[in-house]
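Taken together, the values in this text are just the output of simple stated rules run on the coordinates, not laboratory data. Computed from a predicted model, the values in this text were never measured in an experiment. All Cβ positions, even for glycine, are placed from backbone atoms using ideal geometry, and neighbour counts span all protein chains on display.
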Amino acid sequence: MTAITLTPADPSAVLAIARAWIGTPYLHQFSLQGVGCDCLGLARGIWRALHGDEPWEVPPYSRDWGEAGRREVLVEAARAALIEVALDDAGPGALILFRMGPRIPAKHCGILGASVVRPTLLHAYDRSGVVEEAFTPAWSRRATFAFVFPAALEVI
């Protein structure tokens, strides 16, 4: 019997890739380092740096797509491509998904960073682009899911 296991990517590599995107302007649905991206575009850029082509084409989405229904589209996509971990076990380099309001699907994501004093969050949002800022209690309260990028598929 053949089994596929996923090995987590090196968190320092994920952070280095994410930090290279700092300063990229916010552009909805884009994923071009130095040109423009949104929060999903940043995650897609990290995937491409680690693995090359993305596993599937991302369909167009509106800015309010997460409020349009109950389906956890972002969570489903992350579960299909990444390794889910408990929020309490998420460390530097983990992709964190956020609910921006009660009872609505997760619609924002960012990379958990690290600093000497406290965790940071690398993410892209309107009017700021890609930034690294403190992972404040306000962000922590909204965090709902955590994933790590795979290093590679291993067939055993």
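Calculated FRET efficiency, residue 51 to residue 75, Cβ-Cβ distance, R0 = 25 Å: about 0.80 to the nearest 0.05.
Taking the number of Cβ atoms within 10 Å of each Cβ as an exposure proxy, the fewest-first ranking of 30, 145 is 30, 145.
For the residues 18, 43, 138, a GNM of the chain with alpha-carbon springs under 10 Å puts the largest fluctuation on 138. For residue 32 and residue 126, what does the FRET efficiency come to when R0 = 22 Å and r is the distance between their Cβ atoms, rounded to the nearest 0.05? Given R0 = 22 Å and the Cβ-Cβ separation, E is 0.85. Per residue of the chain, the DSSP helices (runs of n ≥ 4 H) give a summed -39500 (n - 2.57) that works out to -7000 deg cm²/dmol at 222 nm. Between residue 138 and residue 151, the modelled label-to-label distance comes to 3.8 nm, taking each label 7 Å out from Cα in the direction of the beta carbon.
The residue list 59, 120, 91 was ranked by how far each Cα lies along the charge dipole of the chain toward its positive end, using unit charges on Cβ atoms, and 120 comes out on top. The order of 108, 123, going from fewest to most other C-beta atoms within 10 Å of their C-beta, is 108, 123.
As a proxy for reagent exposure, ranking 53, 10 by other Cβ atoms within 10 Å from fewest up yields 53, 10.
Applying the criteria of a DSSP loop state and at most 14 other Cβ atoms within 10 Å to the trypsin sites (Lys or Arg not before Pro) of the range 69-146 yields 70, 71, 103, 127.
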